[in-house]
Amino acid sequence: MQVTETKLKGCFILEPTKFGDQRGYFFESFNARTFNTLTGTDTYFVQDNQSFSTKGVLRGLHAQAGEYAQAKLVRVLQGRVVDVAVDVRPGSETFGQHVAVELSAENNLQLFVPRGFLHGFVVLSEEATFFYKCDNFYNKESECGVKFDDPTLAIDWILPQHDLLISEKDAILPSFKEVFG
């Protein structure tokens, strides 16, 4: 497995070593010992989540606050998405900055989003199955988020805004400045 740290400290792109022949392929998608060694973290995942979405669905930007903050290891099992992580760690040198990575069933890339980050993705293919591991259990009361099109963040979601499908809940999220000053 190859691990590359993004411009946001602690946020990593993981590329598995893939073995293939005439029968197909095999790769190890997760190994706790390898993951923690290569990322320099001590992450213990406790929950797996999966979602299915169609082209243009944008989910985000979300996080959980306080003691229920979550680190996530995200990947795409079917289709193609642009996955975004935004650093909202107080005092971070990259506070308010983001990374966007294309994740697909073809490239098998994964993104490790540490605690203290907003997270979201948009589906670029006709359909996508999105899978992620969390290091903390979901807690509805600790949900927080920022509107996907906040001009302070200037995220390029690739698709035109009129083609995006946003939930009512995500459409009314506050601005970055309202949440983080």
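Every number here is computed from the coordinates shown, using simple stated rules; none is lab data. None of these values were measured; they are calculated from a predicted model. As a convention, Cβ positions derive from the backbone with ideal geometry for all residues, glycine included, and neighbour counts pool all protein chains shown.
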| request: Step through the table entries Lys9/Lys72; Lys72/Lys140; Lys133/Lys169; Lys7/Lys72; Lys55/Lys133, compare each Cα-Cα distance with 21 Å, and write down the pairs that go over it. | output: Lys133/Lys169; Lys55/Lys133
| What ranking do Phe12, Phe131, Phe19, Phe95 get, fewest neighbouring Cβ atoms within 10 angstrom at the top? | Phe19, Phe95, Phe131, Phe12
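Of the trypsin sites (Lys or Arg not before Pro) in region 1-106, which ones lie in a loop per DSSP and count no more than 13 other C-beta atoms within 10 Å?
On the way: sites: Lys7, Lys9, Lys18, Arg23, Arg33, Lys55, Arg59, Lys72, Arg75, Arg80; in loops: Lys7, Lys9, Arg23, Lys55.
Those satisfying the criteria are Lys7, Lys9, Arg23.
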| For His98, His162, what ranking results if the residue with the fewest other Cβ atoms within 10 Å of its Cβ goes first? | His162, His98
| With θ set to phi - 60° and the Karplus curve 6.51 cos²θ - 1.76 cosθ + 1.60, what are the ³J(HN,Hα) couplings of region 97-108 in order, to the nearest whole Hz, using x for Gly and Pro? | 8, 9, 10, 10, 10, 7, 10, 8, 5, 7, 8, 6
| task | Just report the Cα centroid separation between region 1-41 and region 133-160, whole Å. | result | 24 Å
| request: At 37 °C and 0.692 mPa s, grab the translational diffusion coefficient of region 45-180 from Stokes-Einstein with a Kirkwood Rh over Cα pairs, rounded to a whole number in µm² per second. | output: 220 µm²/s
| All other residues with a Cβ under 13 Å from the Cβ of Val81 taken together, and with Lys, Arg as +1 and Asp, Glu as -1, what is their net charge? | -1
| Summing +1 for each Lys or Arg and -1 for each Asp or Glu, what net charge is found among the other residues whose Cβ lies under 12 Å from the Cβ of Lys147? | -2
| task | Would you order Ile155, Ile172, Ile13 from fewest to most other beta-carbon atoms within 10 Å of each residue's own beta-carbon? | result | Ile172, Ile13, Ile155
